[in-house]
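Participant: Mind having a look at this structure? Questions to follow.
The values are calculated or read from the model by the stated rules, or taken from the named source; none is laboratory data. All values derive from a computational prediction rather than experimental measurement. Virtual Cβ from ideal backbone geometry, glycine too; neighbours counted across all protein chains shown. For the accessible areas, the whole protein counts, side chains as well, though only heavy atoms, and no ligand, DNA or RNA atoms are used. Shrake-Rupley method; radii C 1.70, N 1.55, O 1.52, S 1.80 Å.
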Amino acid sequence: MSERDVVQQWLQKSASDLHSAELLLNGGEPANSCYHAQQAGEKALKAYLTQFEPEVPYTHNLELLCKMCLKYDGSFEALFLVASDLTDYATTTRYPGDDSVDAEEAEDCMQKAGHIFMFIQERI
């Protein structure tokens, strides 16, 4: 499989997670929506890194992934706050106690993940 194929697979997974986030939000599951929004951002960043790194790290830390992307494109500095905001949803929304997430917060997560996705798409 070519590097380009792997990049496209990461992007497809990211797009699928964005779609899942939307469906879950519309279905009244905002916490699960936030989880999939975080996953969409993570996979988009990994798509970008796959172009340069032989292996991307196994991490849910979007800030770390942004820092890695900075080695190749300084404009990733603009994603740090968005990435930082999404990182915790990889874990906090998967366990009991995630009922404090509301629809407004989930919508915000989806917008941030969509921003990361579009940012990456423009650079691939």
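Participant: Show the residue pairs that are 6+ apart or on different chains and have beta-carbon atoms under 9 Å apart, the first residue being within region 104-124 and touching a residue at least 12 places away in the same chain (Cβ under 8 Å) and among the β-branched types (Val, Ile, Thr), the second being open to solvent by 30 Å² or more (accessible area, probe 1.4 Å) and assigned to a loop (DSSP other than H, G, I, E, B).
Facilitator: ILE124/GLN51
Participant: Additional query: Could you check how many residues of region 78-124 are out of contact with any Leu (no Cβ under 9 Å at 6 or more places or on another chain) and of a type in the set (A, V, I, L, M)?
Facilitator: Result for region 78-124: 4.
Participant: Separate question: Six or more apart or on different chains, Cβ under 8 Å: which pairs go from a residue in region 53-66 that's closer than 13 Å to GLN38 by Cβ and open to solvent by less than 30 Å² (accessible area, probe 1.4 Å) to one that's of a type outside the set (Lys, Arg) and part of a loop (DSSP other than H, G, I, E, B)? Could you list them?
Facilitator: Note: pairs meeting the criteria are LEU65/VAL56; LEU65/PRO57; LEU65/THR59.
Participant: Something else now. Determine which single condition ALA47 fails, assuming it passes every other condition in (1) in contact with a Pro (Cβ under 8 Å, 6 or more places away or on another chain); (2) open to solvent by less than 40 Å² (accessible area, probe 1.4 Å).
Facilitator: Of (1) in contact with a Pro (Cβ under 8 Å, 6 or more places away or on another chain); (2) open to solvent by less than 40 Å² (accessible area, probe 1.4 Å), only one is false for ALA47: (1).
Participant: What number of residues within region 78-91 satisfy the criterion of being open to solvent by 80 Å² or more (accessible area, probe 1.4 Å) and in a helix (DSSP H, G or I)?
Facilitator: Result for region 78-91: 1.
Participant: Where residues in region 92-124 are of a type in the set (S, T, N, Q) and either more than 16 Å from PRO30 (Cβ to Cβ) or surrounded by 20 or more Cβ atoms within 10 Å (Cβ to Cβ) (or both), which of them is modelled with the highest pLDDT?
Facilitator: The extreme case among them is GLN121.
Participant: Go through (1) more than 16 Å from LYS112 (Cβ to Cβ); (2) at pLDDT below 95; (3) part of a helix (DSSP H, G or I); (4) of a type outside the set (Ser, Thr, Tyr) one by one and return the number of the condition GLN9 breaks.
Facilitator: Among (1) more than 16 Å from LYS112 (Cβ to Cβ); (2) at pLDDT below 95; (3) part of a helix (DSSP H, G or I); (4) of a type outside the set (Ser, Thr, Tyr), GLN9 violates only (2).
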